[in-house]
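Reading through the structure tokens given below for one structure.
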Amino acid sequence: MIYKVSRWLGLTIFSLLIIIPTAIVVLGTFKTDLEIYDSPMALPLNWTLDNYRRLLDDGEILTNFKNSIFVTSLSVLITLILASMVSFAIARMMNVTGKVLFVLFSLGLAIPGQVNIIPIYLLFNDLGLTNTYHGLIAVNVVATLPISVFILTSFFKEIPNEMYEVASIDGATHFKVYRSIALPLSKPALGATSIFLFVICWNDLLFPLLLITESAKKTLPLALLDYRGEYATSFSMIFTAVLVASIPMVIMYLAMQKSFVAGLTAGAVKG
Amino acid sequence: MSLPALSLYVFLFLVPVLNNLRYALTKWDGIEEPVFVGLDNFKKLATDDDLATKVLGNNIEFMFWVVIFQTGFALLFATYLVRNTRTTLFFRTLFFFPTILSSVSVAMIWLFLYDPNYGAINTTFKKIGLDSFALNWLGSEDSALYAIIFVQVWFHTGQMMVIYIAGLQQIPAELYEAANVDGASRWQQFKSVTWPMALPTSAVVVAYTTIQSFRAFDLVYATTQGGPNNETSILTTMIFQTAFNEFRFGYAASQSIIMVIMIFLITGLQKRILRTRY
């Protein structure tokens, strides 16, 4: 009895803690500021799209949106390609080189990338890579390589050796085995990893903040900070920007819940 | 086949790590030539930097409460939602939802809720006549750190809950049946079956939460930037400030090294504690 009551009480309270803020944001995008401050949880008196219109008109949100999509998809794609190649090599090489490689990349798991913000910034300044997409993408790739290598290596190791050997007997090169055996077999692992990487890159603030200062090149999280400054206490505008920035993730989450949860927890468990 | 990844990784991770060590031994504004000062930066950090001491304390306090509450609530909700039914799936989906948002979005939402004048929390308190509860949540030195701790826990409990659920579902049902036969209460079942069997999962959750709390830069930067009066400053925000607001790159590098050492010490300690427990 006590268990049942506490269970429902606990679940209800945490549900409300998530539903209420979400509702305030979603409803707020259709309201005026005054309405948000006065009765944040009420339905809008007059549903209006003015906030969206204003955001599209005077902001650069579409540009930021495109930047985020470009940077995130390329970062994820390149990380997946590079990480899967290394992981394949590590999983297939039972010798010293494989172990050394694995230890090297594990080092990146133990030392968070944030430690490197100063040398990275100075290096990128020297090379003229600040305010470039390829610079930001390269940093994203390096930041997510260790965890990806970790997840994919453990997956490649689970593929039975016979699968690889059959191909090797046929005279296939390492790369051929990787491409025609390892990659097709590891689609689920690649899928989970890509979702994990997508969420990290899409939501990251630190590296864009460090490397991007031109407003036309900013990604969404960085641009959101600007909107906060620009619209000060106009929370209707801020909410609208937050909603626009979160929509791709929310849609992906609702459409592929299982892979999302699997991907985001694989990162934690294997790490 | 490992060459492309390895070269990028060496160039943008391992070399910077070594450069960081080099910079830490210098006094450098990032423009003129760096001046070698030996271990002076570390001496100053250890003996003559009240701010760094305060920030380290903040970071440890932040980590401590986040680990306690996030792990506790994650385990609690996992035991509530361990079975696969329509209802539990609904709650799991809902609780996991904040995890997919960006720290900046989460910060914006809570900046509104916590807003002293317009925020939903304070207007609600005022409406029901509890004016004294209407605090300046993020603006006052007494509450700011705890307000951010609350947000961090709200943000990531769902993710940790899902990890726990996966762990709890591995526990053999016979153990619970045996406990039932013995007439064990729910609390006794939890104490003698769930808790010990979930210890390996707890080790993962605690380790991940710890690292996460050292990485909370985005959330802190987007809500308070470390204010008021550095009350919410954590190591990463302090390093960022030292380097990019004060242009003391050498000193900031030495702070980063202290952070790495802290992370190694704390995660090492946790591993020891959790290993001796089972």
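The values are calculated or read from the model by the stated rules, or taken from the named source; none is laboratory data. Small disclaimer: the values here were computed from a predicted structure and weren't measured. With ideal geometry, Cβ positions are generated from the backbone for all residues, glycine too; neighbour counts draw on all protein chains shown.
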Residue by residue through the stretch B:125-153, note down the ones that are at pLDDT 90 or above, part of a helix (DSSP H, G or I) and among the polar types (S, T, N, Q).
B:152
Residue tally, condition farther than 16 Å from residue B:94 by Cβ and at pLDDT 95 or above, over the stretch B:154-163:
0
Among the residues of the stretch A:81-100, count how many are facing another protein chain (nearest Cβ under 7 Å) and more than 25 Å from the chain's Cα centre (by Cα).
1
Considering each residue of the stretch B:186-228, count those that are facing chain A (nearest Cβ under 9 Å), under 26 Å from residue A:3 (Cα atoms) and surrounded by fewer than 22 Cβ atoms within 10 Å (Cβ to Cβ), and give that number.
2
Here the residues within the stretch B:7-25 that are more than 7 Å from chain A (Cβ to nearest Cβ), surrounded by 17 or more Cβ atoms within 10 Å (Cβ to Cβ) and closer than 24 Å to residue A:142 by Cβ are B:14, B:24
Matching residues, the stretch A:209-218, being facing chain B (nearest Cβ under 10 Å) and either touching a residue at least 40 places away in the same chain (Cβ under 8 Å) or buried (at least 24 other Cβ atoms within 10 Å of the Cβ) (or both):
A:210
Output for the stretch A:246-267, where each listed residue is closer than 17 Å to residue A:219 by Cα, touching a residue at least 40 places away in the same chain (Cβ under 8 Å) and within 8 Å of another protein chain (Cβ to nearest Cβ)
A:249
Determine whether the stretch A:167-177 contains at least one residue that is in a helix (DSSP H, G or I) and surrounded by 21 or more Cβ atoms within 10 Å (Cβ to Cβ).
no
Given the options B:232, B:236, name the one that is in a helix (DSSP H, G or I), touching a helix residue (DSSP H, G or I) at 6+ places or on another chain (Cβ under 7 Å) and at negative phi.
B:236
Expected output for the stretch B:206-234 (first residue farther than 13 Å from residue B:103 by Cβ, partner part of a loop (DSSP other than H, G, I, E, B) and of a type in the set (Asp, Glu), Cβ below 7 Å, 6+ apart or cross-chain) is B:228/B:141; B:229/B:141; B:231/B:141
Meets criteria (surrounded by fewer than 19 Cβ atoms within 10 Å (Cβ to Cβ), assigned to a helix (DSSP H, G or I) and of a type outside the set (A, V, I, L, M, F, W, C)) for residue B:72
yes
When the stretch B:164-220 is examined, which residues are found to be closer than 30 Å to residue A:205 by Cα, modelled with pLDDT of 90 or more and in a loop (DSSP other than H, G, I, E, B)?
B:216
Given the conditions (1) in a helix (DSSP H, G or I); (2) facing chain A (nearest Cβ under 7 Å), which single one is not true for residue B:118?
(1)
